[in-house]
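The numbers here are math on the coordinates, done by the rules we state, and not lab data. Everything numeric in this text was worked out from a predicted model, so none of it was measured. Note that we place each Cβ from the backbone using ideal geometry, even for glycine, and neighbour counts take in every protein chain shown.
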Amino acid sequence: MRQAYRTALVTGASSGIGESFARLLAARGADLVIVARRAALLDGLARELVERYRVAVEVVAADLTDPAQRGEVEERLRAEPVELLVNNAGYGAFGAFADLDLDDQLREIELNVTALMRLTHAALPGMLVRRRGGVLNVASMAGFAPSPGSATYGATKAYVAAFSESLHAEVAGRGVHVTALCPGFTRTEDDGAANLLWLRRADVARAGLDAVSAGRALCVPGAQYKAALPALKIMPRTVLRAAANRMWQQAADSQ
Ligand SMILES: NC(=O)c1ccc[n+]([C@@H]2O[C@H](COP(=O)([O-])OP(=O)(O)OC[C@H]3O[C@@H](n4cnc5c(N)ncnc54)[C@H](OP(=O)(O)O)[C@@H]3O)[C@@H](O)[C@H]2O)c1
């Protein structure tokens, strides 16, 4: 059954796809809790959404890699439940694993995986009791292929996709929808036209919201990426690894 969400918490709402989630949800009349580190951007967005859509918007400035600040967001989810949790905040460093700072890559896991798990664990039990709610986890097409040049990021997104699919199966039939959104390359700093490679952030966010509302396990936005997914699954891994490595070497050489 389709669900319409009256309240939502969106992580990483200060820019990019997360900002689009917040705008679309507010336009649909949902009261929001928006979370990220850059408080000034969140405050500006909140003011705009309250004025334009007459919804309530609560700003929570928090670094989701910091256990204490993250704990406050978890507590907020337990104390005042929302109908939809959008785990969107994510980060990926670009470079060879051996050259990149290890602590920085461990922070990627802390944000992309640990925070997503902890917020989901704070929100899901209440949703199951109420037999209603949604969790939309932002993974990536990078989770379906080897990612030389962003090995840790790709691994975190593979985790998010696999974790979300398993949760979807666990809660199926209990009134709660869990969806993995797996975008390909998405323009986050401007809203230029989509093309064969690049998706628009508003289109990505809309596809994710429609998918979780409809109770789909997986959402791959964009016809080109939908078509690429089966190819990624049947292509021999040796061929896929070689192609991914060539792309990363070319990108590294052009920098
Ligand atoms: N753009 C793409 O091509 C693409 C493709 C596939 C998947 N994705 C995924 O889409 C999601 C959104 O990314 P985006 O492309 O929209 O990037 P973005 O514009 O950089 O947005 C990332 C958001 O996460 C927040 N964030 C980063 N570190 C945080 C932290 N430690 N604590 C709390 N919030 C934090 C940022 O806010 P603050 O800096 O204010 O904290 C920002 O709001 C990510 O999960 C990303 O992996 C993106």
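In whole Å, largest first, what are the principal axis extents of the Cα atoms in the range 56-163?
The principal-axis extents, from largest down, are 45, 27, 22 Å.
How tilted is helix 151-171 with respect to the longest principal axis of the chain? Cα atoms for both, answer in degrees (0 to 90, nearest 10).
It is inclined by approximately 50 degrees.
Across 10 Å bins from the origin, how do the percents of Cα pairs in the chain run, short distances first?
7, 31, 38, 19, 5, 0
Relative contact order, percent, of the range 7-254 when contacts are C-alpha pairs under 8 Å separated by at least 6 residues? Intermediate values should be presented prior to the final figure.
Working: 458 pairs, mean separation 42.8, N = 248.
Value for the range 7-254: 17 percent.
List ASP66, ASP203, ASP101 from most exposed to least, where exposure is judged by having the fewest other Cβ atoms within 10 Å. Could you put the intermediate results ahead of the total?
Working: ASP66 14, ASP203 18, ASP101 10.
Fewest-to-most ranking of ASP66, ASP203, ASP101: ASP101, ASP66, ASP203.
Got a sec to turn the phi values of the range 5-18 into Karplus ³J(HN,Hα) couplings, 6.51 cos²θ - 1.76 cosθ + 1.60 with θ = phi - 60°, whole Hz, x for Gly and Pro?
Each residue of the range 5-18 in turn: 9, 8, 9, 8, 10, 10, 8, x, 8, 7, 6, x, 5, x Hz.
Could you give me D for the range 154-255, from Stokes-Einstein at 37 °C and 0.692 mPa s, where the hydrodynamic radius is the Kirkwood radius over C-alpha pairs? Units µm² s⁻¹, please. Mind dumping the intermediate values first?
Working: Rh = 15.4 Å.
Roughly 213 µm²/s, to the nearest whole number.
So what is the 222 nm mean residue ellipticity for the chain from helices alone, if each DSSP H run of at least 4 adds -39500 (n - 2.57) and you divide by all residues, rounding to the nearest 500 deg cm²/dmol? Mind showing how you got there, number by number?
Numbers: 9 runs with 127 residues, N = 255.
Result for the chain, helices only: -16000 deg cm²/dmol.
Which three lengths, in whole Å and largest first, does the range 1-49 cover when its Cα atoms are put on their principal axes?
37, 17, 14
Applying 1/(1 + (r/R0)^6) with R0 = 25 Å to the Cβ-Cβ distance of LYS233 and ASP210, what FRET efficiency is obtained, to the nearest 0.05? Don't jump to the answer; show the numbers that get you there.
Working: r = 23 Å, r/R0 = 0.93.
Computed FRET efficiency for LYS233 and ASP210: 0.60.
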